[in-house]
Amino acid sequence: MDQKALRLLESRCIQEEPPACQCACPLHVDVRTFSRCMVQGLWEEAWKTLKKTMPFPGILGRICDAPCRDVCRRKEAGDAVEIGLLERACVHTPAPVQRMPVLPRKRQRVAAVGSALSSLTAAWDLARKGYNVTLLEPSDRMGVYLFEIPDEVLPRSVIETEMEALFVLGVETVCRFSLDWDALEEIRRRFDAVYLGLDGLTFWGECDTGEPWPDAALTRISGLEGFFTGGLALEGNSFSPVWRSAEGRWAATTIDRCLQGVSRTAGREKDRPYSSRLYTAMDDVSVLPAITPQDSVAGYTENEAVQEAGRCLQCECLECVKVCPYLKHFGGYPRKYAREIYNNDSIVMGSHKANRLINSCSLCGLCEVVCPENFAMQTLCLKARQDMVGKKRMPPSAHEFALMDMQFSNSDRFAMTRPDPETGIASHLFFPGCQLCASAPEQVRDVYAHLRRVLPLKSVGIMLGCCNAPAFWAGDDALFQKEFSALKEQWTALGCPQIIPACATCYQMFKCHLPEADVISLWQVLEGAGLPAGALPLKLSAPPAIHDPCTTRHEPEIHDSVRRLLNRLEQPFEELKGNRSHTACCGFGGLMQNANPELAGSVVRHLAHQHPADYVTYCAMCRDNLAASGKRALHLLDMIFPSPDEADPAGRRRPGWSQRRENRSWLKNILQQTLWKESPENMEPYENIALSVSPEVQQILENRRILISDIQRVIYHAEDSGQKLCHPDTGHFKAAFRLYNATFWVEYSISENGFTIHNAYSHRMEILRKGP
Amino acid sequence: MMNPKGTQPEDLVWECQACHVNLVEGPVTLMYMGNRITVDLPQCPRCGFVLVSEAVALGKMAEVEQALEDK
């Protein structure tokens, strides 16, 4: 990703866009921050917020007509926030003492004719930019109509104090300036630029300033060379003080640019009011009417102001962060994350701090669905992972366990492709997926038998193996291509049968990476071909809530099919708030569970808490992860192929990592033996080692992702080589063996029927050890 | 990076079954992702079998592994 691509991507996350009120304000006052300060009673901070963009806040804060109210989102749930009254309440408190930064003095001279708000603003801005500014007022008093505003609204003392700031900046003032054409020609000669503040001049009505420039609304360039005009606010409310002031500001910016010899318009698209791109959901906002001040002349009391400011919605988007515990966990939002991921890729020295951010995303795509601009974190994270693997910078621990599991599933211990055992042909190919086989191998056997019964021509083959999603999710393209090509070859050798995946992830992998294949989900097949005679609704205390696997997000036909199957089973069910295209991940997707197990735990709990009922789903990983979190969860197959041995399938525990492998091998063996009369695969010698593992130790192994086969190999090596330690008090042995990229340690004792395991752990660091 | 004190008194109670001697503390070179680190760990004075205790493996060693992975 280059800088340009990054900026394009960043611009699609709108969280940092200013809110509608700030965009609509001609002076772009940060109304949201102002309101936040007010609600917290931080009056000085509120003052400073106004002062950042508002010239003469003492004056404008009292007379601002608050055009922002027209676009205030609060209007949709009550009245617009009374920003004008809040400004007034704020500037009634003492002004904080604050030094205004001023640029070094320049040589150029600028005249501002008139001394109403637009001229005062132009003079203020230009003086702060270092110009020598002279205010030329035709009447005998600076400030003209400001003094006509009733004293209780705008006290004279305030006008005088605020204008004092101009004198501090060195602005010269001339009253009783005789304004006629000759005088204008004269000042044009004496000054480098002249601003005519039409809000304070009567002379102008009789004059012709020529055809205005096409960009005059912004630049305020008049038809007369060297003259700039503003203050009539013809596009806003012509009496709007804030519009009049802004026109003086826009003219001052143009004067500065013209005198600096730079483009007068470049980068000024957002000088004038514009529409905000910020999205703010209003679903959960309750209606609140505006606070009316008890004393309409004095305005809000401090208490009233705090209450009114409290009605400000503090507009922000965060639609994705609201629904995704992963996005919330890292404390930012996609725009920030895009920058962090870009930096992670760009740095040469130092720590790659975004590795965990990149590898923790479940790639489920919910953010893209809820984002008003369809920002897809999953695309960003997957691309970053592919780049990291390409540059050999992927932390080995991030995905290794899942990739080893994939390797197991694609090995002889599980992988198998066969046509129909009776006819030797395959017009259909059942692909149960490695995780369903790991979780419920008996059901897979039953599904296969059922498909062979109900589909015509006795030509249903089966393919056991992994769809290779783990390699794809890990960003390991080379591995994915290699393994997927092998799978494709076997499918081709069978005559390219229609593929029937039971798992939604497998379905997606085939659909995206084998587009030439005819792929149909098991659920759609069962809907068409019929259910077995034993299919039954379950006796649950309440209807279960249906959870759609995240990999079906964009598959409404599968969602419908599953619901129709439940109806056919006469199983009532509830819908989750986040269902179908808005479904949430269970924490397994994208290998989140590998890279960040703690976060995956919060993700599944977040899903489990959406509804109090038991869940029914149609992904083995979703079911098992929910079950592991303590949520009662069913797989749809528990109803279609109920097991007579399982009285409470919703309470079935998640099979552990080792059991999952055993289940896969069991399935392969049983199919081989019963359908193809083949002998089972040979066992490795270490597999004969009998172990006794208490449930507590079992949990430790599970958390540390240590397999029974790892332990068997350590003990086999230790007992074979004699290389082990012995504890004199307990009599326990401790041994280590390096497997794949980790060293496994096992503490064990010899028992009557084999070995009792007391503890096990591993580390990735290798011990470089010299001999004695 | 890694605290060189990787040995606790209880680690030295273990006896090497092959050599029938108690472990002693001594320098060991560890390697991960092309980086070498030398630390003191309990080991057999005869055959050099090194013990990495659970506390070291899941504590300091895991921290260093993480840091090196993100380097």
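Only the coordinates and a few stated rules stand behind these numbers; no lab work does. What you see is a predicted model; the values in this text were computed from it and never measured. FYI the Cβ positions are ideal-geometry reconstructions off the backbone, even for glycines, and counts take in every protein chain you see.
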Grab the alpha carbons of segment A:109-260, take their convex hull, and tell me the volume per residue in Å³.
101
How about segment A:661-770: which GluC sites (Glu not before Pro) there are in a DSSP loop, with at most 12 other Cβ atoms within 10 Å of their Cβ?
A:Glu752
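Calculate, in nm to one decimal, what A:Asp2 and A:Glu225 gain on full extension: separation in residues at 0.36 nm each, minus their alpha carbon distance.
75.9 nm
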What residues have an amide H closer than 5 Å to that of A:Glu574, excluding those fewer than 5 places away on the same chain, when H is modeled at 1.01 Å from N in the peptide plane?
A:Ala545, A:Ile546
Ordered by residue, what ³J(HN,Hα) values in Hz, to whole numbers, does segment A:553-567 give under the Karplus form 6.51 cos²θ - 1.76 cosθ + 1.60, where θ = phi - 60° and Gly and Pro are x?
2, 9, 10, x, 5, 5, 4, 5, 4, 4, 5, 5, 4, 5, 5
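Give me the extension gain from A:Phe167 to A:Ala183: residue separation times 0.36 nm, minus the current Cα-Cα distance, reported in nm with one decimal. Don't skip to the end; give the middle numbers.
Working: separation 16, 0.36 × 16 = 5.76 nm, distance 2.40 nm.
Stretched fully, the A:Phe167-A:Ala183 segment lengthens by 3.4 nm.
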Any idea how far the Cα center of segment A:716-732 sits from the one of segment A:551-572, in Å?
55
Taking 7 Å along the Cα-to-C-beta vector as the label spot, tell me the A:Glu76-A:Glu516 distance in nanometres, rounded to one decimal.
4.9
Projected-area average for chain A over all orientations - Cα convex hull basis, square nanometres
46.5
What does the highest-first list of A:490-501, A:23-34 look like by mean Cβ count within 10 Å?
A:23-34, A:490-501
I'd like the orientation of helix A:477-493 relative to chain A: the angle between its Cα long axis and the longest Cα principal axis, in ° from 0 to 90, rounded to 10.
50
Taking only Cα atoms, what is the 0 to 90° angle, nearest 10, from helix A:708-721's long axis to the longest principal axis of chain A?
60
For chain A, take the longest principal axis of its alpha carbons; what is the angle in degrees between that and the long axis of helix A:504-513, to the nearest 10 within 0 to 90?
80
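Jot down the per residue volume, in cubic angstrom and as a whole number, of the convex hull over the alpha-carbon atoms of segment B:9-69.
Numbers: hull volume 5.0 nm³, N = 61.
Per residue, the Cα convex hull of segment B:9-69 comes to 82 Å³.
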Phi angles of segment B:63-69, converted by Karplus (6.51 cos²θ - 1.76 cosθ + 1.60, θ = phi - 60°) into ³J(HN,Hα) in whole Hz with x for Gly and Pro, give 4, 5, 4, 4, 4, 5, 5
Give me a single rounded figure for B:44-52: the average over its residues of other chain Cβ atoms within 10 Å of their Cβ.
5
Taking H as built 1.01 Å from N, whose amide H comes closer than 5 Å to the amide H of A:Ile462, not counting residues under 5 places away?
A:Arg418, A:Phe430
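In debye, nearest 20: dipole of chain A around its Cα centre with unit charges on the Cβ of K, R (+) and D, E (-)?
Details: 86 positive and 94 negative charges, 417 e Å.
It comes to approximately 2000 debye.
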Residue by residue through segment A:527-535, what is 3J(HN,Hα) from phi via Karplus (6.51 cos²θ - 1.76 cosθ + 1.60, θ = phi - 60°)? Round to whole Hz and write x for glycine and proline.
4, x, 8, x, 9, x, 4, x, 5
Amide H neighbours of A:His758 under 5 Å, at least 5 residues apart or on other chains, H built in the peptide plane: list them.
A:Glu747, A:Tyr748, A:Ser749
How would you order A:391-404, B:41-54 from highest to lowest mean count of nearby Cβ atoms within 10 Å?
B:41-54, A:391-404
